[in-house]
Amino acid sequence: MEYSSSVIPMINEIRKSVNSFLSGFEPLFVLVVPFVTFFVARIVQSFVQVVQEKGVKSTVVGFFMSCVKLVPGVKKYIDAEKQKVVDKLQSSSKSKRDGWRTELPKTGLGGGVIDQMKDEKQKDPAWQGKCSGTVYIGGNESEGHFSLINEACSMFAHTNPLHLDVFRSVVRFEAEVVAMTAALFGSKEKASGGQVCGNMTSGGTESILLAVKSSRDYMKATKNITCPEMIIPESAHSAYDKACQYFKIKLWRVPVNKEFQADVKAIKKYINKNTIMIVGSAPGFPHGIIDPIEELGELAFSYGICLHVDLCLGGFVLPFARKLGYSIPPFDFSVQGVTSISADVHKYGLAPKGTSIVLYRNHEIRKHQFVAVTEWSGGLYVSPTIAGSRPGGLIAGAWAAMLSLGQEGYLEHTRDIMEASKRIQNGVKDIPELYIVGRPDMTIVAFASNVIDIFEVNDMLSSKGWHLNPLQRPNSIHICVTLQHVPIVDDFVKDLKESVQIVKKNPGPVDGGLAPIYGAAGKIPDRGMVNELLVDYMDNAC
């Protein structure tokens, strides 16, 4: 009673003061100010969010470029310059599109189409032993393991595992490929929980997409997260960016540490109530370095969030490298906190292209991968992966590859490529103008230079028939060693040494090379413009 008697007069006094203050303003002003204040606050909030995501420099540059483009004629000039770059990127492919068919022939070619396909295939660049990654099977494509998986694929080319009751053999093949792969990643160990499950997909990107989608929906169901966020190291594959665009997830890409590994402490700073997932790679695509999966697992487990491990490259190497005595840190379901894994069978699993695996620690997580439809007039529908119909021939090819090789076959191949990788590393170390980026754990060797333009070296190697991967942050190139490279390691090292010396003696762009474009792209402060360049390039290439 005593409390209310003192508060009420105070409230009345405040009311009188406020009314007295507002009496000096027009009613319309009083009405409009709250709305204006609200919109200004939203603008400020949006600006702060952009700064947090892109940084002050990128935000300011992006805003400046947006303003500049408003100047009459400037946007037209910029678009014209961008088109020049796109034309340069496509200079070698545009002319080759001349004469391509744009409609069905009036009369079918019948069996003659095979002869035409052979003619077209002969026009492809020579890739045997010359490509970074790309083709992982050794030998000639018309014999040996190539011939075996080609026969397996053709035998089941008409099948589709969507029809479970018809193509039972393919359904079995998929289940066994998944189970055998899971066993490589600790599914038989007590620490895994004994419920590891998964499916085959069309490739590493689809495996990652499914893992992200399943984790998002699982975290929504268990923790009611409706504004999902994901944290990845900047070395993580670009498939995560694609997943976040597709599934409306806010992405935080965190710089790696000095060893080019995921920085666990930096990732921890970004975790909040909306975080659904963090990511580690074993190894990362750019530099072939394994992230600290155990530490990431501890972090994920302590916060009750998902941890996806990208084993797309390392899945069919690391388990066997460990058996061969190589020092391989824990990376699979034996690590507490790991909730999903992706692994490509079509890489070092030596299966046909278009075969990958996505695995989950348990069925509760995987259930969120499936799509079930109950109200369709076509009947009840449920699908496990992004694709509805799937090529059973590829599943059969993967099954044939794994069973034909067995553990002994994979051990032998792993020994060969790991040794070839070490020989290439030693070859790079013998070239004083180059240095290896980080300490590779597996079969990817990335190298850079503080003396010469590494992209010019890449162009010189390209002129010698090699196809390597250009990287950024730092500017570098890498070779992903496969069985194709084992017999020609010395040839590669020789060509690399020659290319370095040529560039050192005659620095400058190689005629027809892409070094100026790669170099310029890395220096353009407006990353939005680089994004537009890539989109324009793809739009013209498709």
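Residue-wise test of (1) within 23 Å of Arg361 (Cβ to Cβ); (2) assigned to a helix (DSSP H, G or I); (3) basic (Lys, Arg).
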position: Ser215; (1), (2), (3): yes, yes, no
position: Met219; (1), (2), (3): yes, yes, no
position: Ile225; (1), (2), (3): yes, no, no
position: Ile232; (1), (2), (3): yes, no, no
position: Ser235; (1), (2), (3): no, no, no
position: Ala243; (1), (2), (3): yes, yes, no
position: Trp252; (1), (2), (3): no, no, no
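Filtering the stretch 329-381 to residues that are of a type in the set (S, T, N, Q) and either outside any loop (DSSP other than H, G, I, E, B) or open to solvent by 10 Å² or more (accessible area, probe 1.4 Å) (or both) leaves Ser334, Gln336, Thr339, Ser340, Ser342, Ser356, Asn362, Gln369, Thr374, Ser377.
Scan Ile278, Ile271, Ile231 and give me the residue that is surrounded by 24 or more Cβ atoms within 10 Å (Cβ to Cβ), farther than 26 Å from Thr181 by Cβ, touching a residue at least 40 places away in the same chain (Cβ under 8 Å) and not aromatic (Phe, Trp, Tyr).
Details: Ile278 fails: farther than 26 Å from Thr181 by Cβ; Ile271 fails: surrounded by 24 or more Cβ atoms within 10 Å (Cβ to Cβ).
Being surrounded by 24 or more Cβ atoms within 10 Å (Cβ to Cβ), farther than 26 Å from Thr181 by Cβ, touching a residue at least 40 places away in the same chain (Cβ under 8 Å) and not aromatic (Phe, Trp, Tyr) holds for just one of Ile278, Ile271, Ile231, which is Ile231.
Name the residue that is nearest to the chain's Cα centre (by Cα), counting only residues in the stretch 166-216 that are among the charged types (D, E, K, R) and surrounded by fewer than 19 Cβ atoms within 10 Å (Cβ to Cβ). Per the criteria, the residue is Lys213. Considering the stretch 104-129, and only residues there that are part of a loop (DSSP other than H, G, I, E, B) and modelled with pLDDT of 90 or more, the residue that is most open to solvent (accessible area, probe 1.4 Å) turns out to be Lys106.
Quick one: is Ala400 open to solvent by less than 60 Å² (accessible area, probe 1.4 Å) and within 19 Å of Met200 (Cα to Cα)? Yes.
Please go through the stretch 313-328 and give me each residue that is open to solvent by 10 Å² or more (accessible area, probe 1.4 Å), of a type outside the set (Lys, Arg) and assigned to a helix (DSSP H, G or I), ordered by number. It would help to see each step written out before you state the result.
Going through the stretch 313-328, the residues open to solvent by 10 Å² or more (accessible area, probe 1.4 Å) turn out to be 313, 319, 322-328.
From what is left, the residues that are of a type outside the set (Lys, Arg) are 313, 319, 324-328.
Matches in the stretch 313-328: Pro319 only.
Residue selection: Leu148 satisfies the criterion of being open to solvent by less than 90 Å² (accessible area, probe 1.4 Å) and part of a helix (DSSP H, G or I). Return yes or no: is Thr374 closer than 29 Å to Gly194 by Cβ and of a type in the set (Ser, Thr, Tyr)? Answer is no for this residue. The condition of being in a loop (DSSP other than H, G, I, E, B), open to solvent by 80 Å² or more (accessible area, probe 1.4 Å) and among the polar types (S, T, N, Q) does not hold for Thr159.
Screening Ile395 on (1) closer than 30 Å to Pro292 by Cβ; (2) open to solvent by less than 70 Å² (accessible area, probe 1.4 Å) shows it passes everything except condition (1). What pairs come up if the first residue lies in the stretch 195-206 and is not assigned by the TED database to the domain that holds Thr339 and part of a strand (DSSP E or B), the second is surrounded by fewer than 24 Cβ atoms within 10 Å (Cβ to Cβ) and modelled with pLDDT under 95, and their beta carbons are under 7 Å apart, counting only those six or more places apart or on different chains? No pair meets every condition. Among the conditions (1) under 30 Å from the mean Cα position of the chain (by Cα); (2) in contact (Cβ under 8 Å) with a residue 40 or more places away in the chain, the only one that His158 does not satisfy is (1).
Checked against (1) assigned to a loop (DSSP other than H, G, I, E, B); (2) under 30 Å from Ala398 (Cα atoms), Val309 meets all criteria but (1). Is it the case that Asp344 is among the charged types (D, E, K, R), touching a strand residue (DSSP E or B) at 6+ places or on another chain (Cβ under 6 Å) and at pLDDT 95 or above? Criteria met by Asp344. The condition (being among the β-branched types (Val, Ile, Thr), in the same structural domain as Pro319 (by the TED database) and under 19 Å from Val358 (Cβ atoms)) is satisfied by just one residue among Thr159, Thr226, Thr222, Thr181: Thr181.
State yes or no: is Ala446 in contact (Cβ under 8 Å) with a residue 24 or more places away in the chain, part of a strand (DSSP E or B) and not assigned by the TED database to the domain that holds Asn160?
Details: in contact (Cβ under 8 Å) with a residue 24 or more places away in the chain: yes; part of a strand (DSSP E or B): yes; not assigned by the TED database to the domain that holds Asn160: yes.
Criteria met by Ala446.
Contact map, the stretch 241-252: residues that are assigned by the TED database to the domain that holds Tyr218 paired with residues that are outside any strand (DSSP E or B) and among the hydroxyl-bearing types (Ser, Thr, Tyr), Cβ distance under 7 Å, separation 6+ or inter-chain. Pairs shown: Lys242/Thr205; Leu251/Tyr240; Trp252/Tyr270.
Being open to solvent by 10 Å² or more (accessible area, probe 1.4 Å) and not in a helix (DSSP H, G or I) holds for only one residue in Gly388, Gly406, and it is Gly388. Quick check: is even one residue across the stretch 418-441 surrounded by fewer than 17 Cβ atoms within 10 Å (Cβ to Cβ), part of a helix (DSSP H, G or I) and among the hydroxyl-bearing types (Ser, Thr, Tyr)? The answer is no, given that none of the residues of the stretch 418-441 is surrounded by fewer than 17 Cβ atoms within 10 Å (Cβ to Cβ), part of a helix (DSSP H, G or I) and among the hydroxyl-bearing types (Ser, Thr, Tyr).
Residue by residue, here is whether (1) without any contact (Cβ under 8 Å) to a residue 12 or more places away in the chain; (2) surrounded by 21 or more Cβ atoms within 10 Å (Cβ to Cβ); (3) within 28 Å of the chain's Cα centre (by Cα) holds:
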{"position": "Asp459", "(1), (2), (3)": "no, yes, yes"}
{"position": "Gly465", "(1), (2), (3)": "no, no, yes"}
{"position": "Asn469", "(1), (2), (3)": "no, no, yes"}
{"position": "Ser476", "(1), (2), (3)": "no, yes, yes"}
{"position": "Val481", "(1), (2), (3)": "no, yes, yes"}
{"position": "Pro487", "(1), (2), (3)": "no, no, no"}
{"position": "Leu496", "(1), (2), (3)": "no, yes, yes"}
{"position": "Ser499", "(1), (2), (3)": "no, yes, no"}
{"position": "Lys504", "(1), (2), (3)": "no, no, no"}
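The values are calculated or read from the model by the stated rules, or taken from the named source; none is laboratory data. All figures in this text were calculated on a predicted structure; none of them were measured in a lab. No Cβ is skipped: glycine too gets one built from the backbone with ideal geometry, and neighbour counts run over all protein chains shown. Remember, those area values only see protein heavy atoms, side chains included, never the ligands or the DNA or RNA. Shrake-Rupley method; radii C 1.70, N 1.55, O 1.52, S 1.80 Å.
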